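Have a look at the structure below, then the notes.
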Amino acid sequence: MKRVSLLISLFLISWLGINAQTINLEQARLLALANSRSLARHELAIHNSILNERSHFYSILPQISADYRANMNFMRDWEFLNPIDTLTASVGFSISQVIFQGGRSFIQRAIRGITTESARKAALAEYFNVLDVIDNAYYAVLEAAAALEAEESSLQTAVLSLSMAEVRQMTGMINQGEYLRAMVDKEVRENSLNQARRNFSLSLARFRTLTGITEAVELQQIDFSEYDDVLTRLALITDEEADRLYKIFWGILAESNPALATAALNNQTAELSLSNVIRTNAPTISASVSSSILNYSTADGFETPSGTGRVTISGTIPVDFWVMNNQIETSKNALDRTILGFADTESSLGQELQNALFNLFTQASSVLSSRRSLEITERHFEFVMERYRLSQGSVSDLNEATTLFINSRNSLNRTSFAFLQSLSRLRSLCALDDENELLRILLSD
């Protein structure tokens, strides 16, 4: 059903979004989910596991079969015969059923059910992994586009600086060194612009590969003003508030994280496997019913069935206790390993959650700091640019102010998108589909 919903969403995207040559983050996510081969493989694994469940269920039902037999003789007492004259044929049926196995069939069925659930959890983990990847790719394109815009602006400033320096050099207002410095600065800015174009092209190519988009589209910008409240809250968060948020998100993670759920399912599987091995000591009892329903011979024709049948009850009792004891020890060892694996997963996820929150707090503080820095460097750049126009500043002063301004813009872009990436990571750890719910928790008192 989720796959069908994705296909419907893709149709709407192609009709409303792609035709408009603009795509937003939500549309990119849907496209990446539908285009993901890894997610498709997980869906096939789920289907295969369901088929295995059905196969096991069918195996514990009564087994019904029909049997038929035909005989012909071509020689008797060293005399050749007409095989048709000696034809005899019979048709019968049989039903067999395992009556008792010590409950092993039910345990095996439960294990297969857990296997299917584990496949679903693995698919859920891949679902959020795809969201993480496409979010990062989307942000990378926007960040590269912003860096490209900054380098274009920087080059325009360098071109203007060079043109003014050329006029001043011709009139003797500046020396040859200052003019050469302006020329070098322009070449450096052009090289930086080329690198920015390359980075943008690479990030856009990766985004297209993830989404399957071949047409030229424009990515919708992120409205960072929507995150102002949470940025302010997290930048000024206290240790007590941080601990409270960790406990809240750990509760959500413990309930919803697919990796932790898979580790718990592995524990259940190991426990059931041990129980299943222990029950191999129990005897197995089977019963079968068979009867002949049709007899024919060339000599006598069809014979009326005699109405007789046969019931067979058979059983086995294992006596190779040394083999069974070894299997039990092996299963106990496997159970101990899964218990340790669950503890490792729990500890690792706890550390990841802590790192995700710390990154979020740090990035929030960096965003606000970068905003203030950009405001100051922009004013400084305008001041130096005005002095340069009035021939009161040097090319070096303008170059330093431009570099400082560009670095501040790029720093703000990096920290802003890093903050969004931290949000995506926290969302995936807690398996939260709704970003608004995530923001609500971060803003809660």
With the calculation restricted to Cα positions, what are the radius of gyration and Dmax of segment 385-445 in angstrom?
20.6, 59
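Mind putting a number on the dipole of the chain about its Cα centre? Charges go on the C-beta only, +1 for Lys and Arg and -1 for Asp and Glu, and I need it in Debye to the nearest 20. Before the final figure, lay out the partial values.
Working: 38 positive and 51 negative charges, 135 e Å.
It comes to approximately 660 debye.
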Of the GluC sites (Glu not before Pro) in segment 229-282, which ones lie in a loop per DSSP and count no more than 10 other C-beta atoms within 10 Å?
none
Roughly speaking, what is the stretch gain from residue 279 to residue 396, that is 0.36 nm per residue apart minus the C-alpha to C-alpha distance, in nm to one decimal?
33.7 nm
For all pairs of alpha-carbon atoms in segment 164-223, what percent lies in each bin of width 10 Å, listed from the first bin to the last filled one?
19, 26, 19, 16, 16, 4
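Given R₀ = 22 Å, what would the calculated FRET efficiency be for residue 440 paired with residue 132, taking r from the Cβ atoms and rounding to 0.05?
On the way: r = 21 Å, r/R0 = 0.94.
My answer for the efficiency is 0.60.
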Could you order the peptides 283-289, 109-115 from most to least packed, using the average number of other C-beta atoms within 10 Å per residue?
109-115, 283-289
Where in segment 137-238 are there GluC sites (Glu not before Pro) that are in a DSSP coil and have at most 12 other Cβ atoms within 10 angstrom of their Cβ?
215
Any chance you could give the angle, 0 to 90 degrees and rounded to 10, that helix 25-35 forms with the longest Cα principal axis of the chain?
40 degrees
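Around residue 188, with a cut-off of 13 angstrom between Cβ atoms, what is the net charge of the other residues, counting Lys and Arg +1 and Asp and Glu -1? List each step's numbers first, then the result.
Details: positive: 181, 186, 189; negative: 151, 185, 187, 190, 400.
So the environment of residue 188 carries a net charge of -2.
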If you fit an axis through the alpha-carbon atoms of helix 258-278 and take the longest principal axis of the Cα set of the chain, what angle between them do you get, 0 to 90°, nearest 10?
20 degrees
Mean shadow of segment 312-416, computed from the convex hull of its alpha carbons, in nm²?
14.6 nm²
Can you compute the helix-only [θ] at 222 nm over the chain? Use -39500 (n - 2.57) per DSSP H run of at least 4 residues, normalise by all residues, nearest 500 deg cm²/dmol.
-25000 deg cm²/dmol
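Take the Cα radius of gyration of segment 125-282 and divide it by 2.2 N^0.38 Å, with N its residue count; two decimals is plenty. Please list the in-between numbers first.
Values: Rg = 28.3 Å, N = 158, 2.2 N^0.38 = 15.1 Å.
With N residues counted in segment 125-282, Rg over 2.2 N^0.38 Å equals 1.88.
Would you mind giving the three semi-axes, in whole Å and largest first, of the ellipsoid equivalent to segment 196-274 according to its Cα gyration tensor? Working shown, then result.
Values: eigenvalues 282, 160, 20 Å².
Values for segment 196-274, descending: 38, 28, 10 Å.
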Of 77, 135, 243, the one that fluctuates the most in a GNM where the chain has Cα springs shorter than 10 Å
77
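Full-extension gain between residue 347 and residue 21, please, as 0.36 nm times their residue separation minus the C-alpha to C-alpha distance. Spell out each step's value before the answer.
Values: separation 326, 0.36 × 326 = 117.36 nm, distance 4.54 nm.
Going from the current span to full extension adds 112.8 nm.
Could you work out the per residue convex hull volume over the alpha carbons of segment 20-121, in cubic angstrom?
Values: hull volume 25.8 nm³, N = 102.
Roughly 253 Å³ of hull volume per residue.
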In nm, the gap between the two label points placed 7 Å beyond Cα toward Cβ at residue 232 and residue 371 is 0.8 nm
Name the residue farthest towards the positive end of the dipole of the chain from the options 353, 38, 108, assuming +1 on Cβ of Lys and Arg, -1 on Cβ of Asp and Glu, about the Cα centre.
108
What is the sum of charges around residue 390, taking Lys and Arg as +1, Asp and Glu as -1, for the other residues whose C-beta is under 15 Å from the C-beta of residue 390?
0
Largest first and to the nearest Å, give the Cα extent of segment 78-164 along each principal axis.
122, 47, 19
Provide, in order from the shortest bin, the percent of all Cα-Cα pairs of the chain in each 20 Å bin, continuing until the bin that contains the maximum pair distance.
17, 32, 24, 15, 8, 4, 0
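Taken together, the values in this text are just the output of simple stated rules run on the coordinates, not laboratory data. Since this is a predicted model, take the numbers as computed values, not measurements. Virtual Cβ from ideal backbone geometry, glycine too; neighbours counted across all protein chains shown.
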